[in-house]
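Novice: Take a look at the following structure, please.
The values are calculated or read from the model by the stated rules, or taken from the named source; none is laboratory data. This is a predicted model, so every value here is computed, not measured. Backbone-built Cβ (ideal geometry, glycine too); neighbour counts: all protein chains shown.
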């Protein structure tokens, strides 16, 4: 090799290349206060609305009064799914909008490293988005989600993986169908909300719909959350259920992303991204 | 070890549904030379470059770059090549320095800070190195794109219309820089262009494309002589309008 510029080995997964994807979006966020404020704005608004709703219910409902903050916890945890999914799809859309995908994929960057970079950005975006709402709930409503204790780590992990699975699948749709599929980035998660048992137990749903609920990792998490808050027990069976369904979600998400990526490479769509 | 042939293309074909964008082309590019892909809009130049880069899977045919098969050994080749096109942007909200840092990481460049400083100096980016790329003029953006394309000091540089939409002064500056880079690194350059004077100045060999096929090839002087014309532009027009005789 005649190159004067020395490079690290291109073979195998590279933390440096994953870091490059994170760095690209860190620079973008650092240079745009509007993006950071927008990230934190919606979770904070949701939390404030549901905080007042909770205060109303506490004085009118013995069920909610038994576990103050159950609705707030549900709001904050559900937002983790939404932010985790958006963290992936919006980072991907930033590349799509800036017509940068071709530049990225003529480098040694692998699709797997790109997906891992998007996941890392998803964690950062979720922290920026949900963090202020979590902290704001403490002085406003005297509710700290950290009171859930160690189970919070399990809930967070399960919900993040669910968001990643949906996010990667949506990226696949955008790769396959282009800008016309952008609305999936914002709409898809809401399709899961009615059957995820966020604000009510799965048993509230009609019998024929309950099997669909148990096909979402979130249903296990929110049942588990209520078990912690009402009964003060951690349900391992629900955690295992969530992780099994999570494995299916992430497998489907990865498969759809890679199938769409292969399709884009066959049809020249990596060169034709953008508006 | 440096291969004698930088690019070897054999029977390369790309079909999109019923449209054949590239139709069984074969050519090779010797190491250390600058070769042009010439042709009108829709001739298949960009599609050919995309297949050489591995951005697009060929329908048929074989591409070997720097001694490696692009279908199975891209990971070995991509660190040694790079590309620039006016149709592919670097992120506009980031500064040239930030873009170079990201691409430097993607290429795994050691001593990246020093490399970025060198590029900023060589390509005269200092005055706007920390301004968003979106706020720069077309000429400044072209220099940033070129810096991105050179961040790994590639042995093989693929350029799609490198001076499109540039004023004559900036276009001349880019051509001079490419000439000096090619001489210094002994790099191989394949460029797709509509600019005949650029091709005459930079290229030792020309591949003339029309409707996805290579219809003629040779040095600029050979082509001008073969078609009995005074300039490469006249040869281009003959071929584009299907007048003069194509080589066998």
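Novice: So which of B:9, B:77, B:88 is at pLDDT 95 or above and either within 15 Å of residue B:160 (Cα to Cα) or buried (at least 22 other Cβ atoms within 10 Å of the Cβ) (or both)? Walk me through it before giving the result.
Specialist: Details: B:77 fails: at pLDDT 95 or above; B:88 fails: at pLDDT 95 or above.
Within the list B:9, B:77, B:88, the selection yields B:9.
Novice: Scan (1) touching a residue at least 24 places away in the same chain (Cβ under 8 Å); (2) more than 19 Å from residue A:78 (Cα to Cα); (3) surrounded by fewer than 22 Cβ atoms within 10 Å (Cβ to Cβ) for the single condition residue A:255 breaks and write down its number.
Specialist: Result: residue A:255 passes all but (1).
Novice: Determine whether segment A:115-124 contains at least one residue that is more than 10 Å from the chain's Cα centre (by Cα), under 24 Å from residue B:80 (Cα atoms) and either within 12 Å of chain B (Cβ to nearest Cβ) or without any contact (Cβ under 8 Å) to a residue 24 or more places away in the chain (or both).
Specialist: yes
Novice: Where residues in segment A:1-27 are within 7 Å of chain B (Cβ to nearest Cβ) and either at pLDDT 90 or above or within 21 Å of the chain's Cα centre (by Cα) (or both), which of them is farthest from residue A:114 (Cα to Cα)?
Specialist: A:27
Novice: Taking residue A:44 and the conditions (1) touching a helix residue (DSSP H, G or I) at 6+ places or on another chain (Cβ under 6 Å); (2) within 11 Å of chain B (Cβ to nearest Cβ), which numbered condition does it fall short on, given that it satisfies the others?
Specialist: (2)
Novice: Of all residues in segment B:134-160 being within 11 Å of chain A (Cβ to nearest Cβ), farther than 24 Å from residue B:114 by Cα and within 13 Å of the chain's Cα centre (by Cα), which is surrounded by the fewest Cβ atoms within 10 Å (Cβ to Cβ)?
Specialist: Going through the qualifying residues, I end up with B:160.
Novice: Restricting to segment B:175-196, name every residue that is surrounded by fewer than 22 Cβ atoms within 10 Å (Cβ to Cβ) and touching a residue at least 12 places away in the same chain (Cβ under 8 Å). Before you say what the answer is, go through the steps one by one.
Specialist: To start, the set of residues in segment B:175-196 that are surrounded by fewer than 22 Cβ atoms within 10 Å (Cβ to Cβ) comprises B:175-177, B:179-186, B:194-196.
Scanning segment B:175-196 gives B:175, B:177, B:179, B:181, B:182, B:185, B:186, B:194, B:195, B:196.
Novice: Conditions first: (1) in a loop (DSSP other than H, G, I, E, B); (2) free of Cβ contacts under 8 Å to residues at least 60 places away in the same chain. Residue B:162 passes all but one, so which condition is the exception?
Specialist: With respect to (1) in a loop (DSSP other than H, G, I, E, B); (2) free of Cβ contacts under 8 Å to residues at least 60 places away in the same chain, residue B:162 is out only on (2).
Novice: Can you tell me which of B:68, B:72, B:76 is under 28 Å from residue A:114 (Cα atoms) and facing another protein chain (nearest Cβ under 8 Å)? Please lay out each step first, then the result.
Specialist: Numbers: B:68 fails: facing another protein chain (nearest Cβ under 8 Å); B:72 fails: facing another protein chain (nearest Cβ under 8 Å).
None of the other options fit; the residue is B:76.
Novice: Of everything in segment B:175-193, what is within 13 Å of the chain's Cα centre (by Cα), under 20 Å from residue B:53 (Cβ atoms) and in a helix (DSSP H, G or I)? Give them in sequence order.
Specialist: B:178, B:182
Novice: Shifting gears a bit: Looking at residue B:166 and the list (1) within 12 Å of another protein chain (Cβ to nearest Cβ); (2) modelled with pLDDT under 90, which single condition is not satisfied?
Specialist: With respect to (1) within 12 Å of another protein chain (Cβ to nearest Cβ); (2) modelled with pLDDT under 90, residue B:166 is out only on (1).
Novice: Something else now. If I filter segment B:39-46 for residues that are facing chain A (nearest Cβ under 7 Å), farther than 23 Å from residue B:179 by Cα and either surrounded by fewer than 17 Cβ atoms within 10 Å (Cβ to Cβ) or at pLDDT 95 or above (or both), do I get at least one hit? Don't jump to the end; show me each part of the working.
Specialist: Just the residues of segment B:39-46 that are facing chain A (nearest Cβ under 7 Å), to begin with: none.
The answer is no, given that none of the residues of segment B:39-46 is facing chain A (nearest Cβ under 7 Å), farther than 23 Å from residue B:179 by Cα and either surrounded by fewer than 17 Cβ atoms within 10 Å (Cβ to Cβ) or at pLDDT 95 or above (or both).
Novice: Only residues that are assigned to a helix (DSSP H, G or I) and in contact (Cβ under 8 Å) with a residue 12 or more places away in the chain: list them for segment A:126-143, please. Talk me through it step by step, then tell me what you get.
Specialist: Taking segment A:126-143 first, the residues assigned to a helix (DSSP H, G or I) are A:126-141.
Result: A:126, A:128, A:129, A:130, A:131, A:132, A:133, A:134, A:136, A:137, A:140, A:141.
Novice: Then there is this: Looking at residue B:114 and the list (1) surrounded by 17 or more Cβ atoms within 10 Å (Cβ to Cβ); (2) without any contact (Cβ under 8 Å) to a residue 40 or more places away in the chain; (3) within 14 Å of chain A (Cβ to nearest Cβ), which single condition is not satisfied?
Specialist: All conditions pass for residue B:114, except number (1).
Novice: Let me ask something else about it. Of (1) farther than 17 Å from residue B:158 by Cβ; (2) surrounded by fewer than 24 Cβ atoms within 10 Å (Cβ to Cβ); (3) more than 9 Å from chain A (Cβ to nearest Cβ), residue B:59 satisfies all except one. Which?
Specialist: Checking residue B:59 against (1) farther than 17 Å from residue B:158 by Cβ; (2) surrounded by fewer than 24 Cβ atoms within 10 Å (Cβ to Cβ); (3) more than 9 Å from chain A (Cβ to nearest Cβ), the one that fails is (3).
Novice: Next question. Answer with yes or no whether residue A:146 is outside any loop (DSSP other than H, G, I, E, B) and more than 14 Å from chain B (Cβ to nearest Cβ). Steps first, answer last, please.
Specialist: On the way: outside any loop (DSSP other than H, G, I, E, B): yes; more than 14 Å from chain B (Cβ to nearest Cβ): yes.
Yes.
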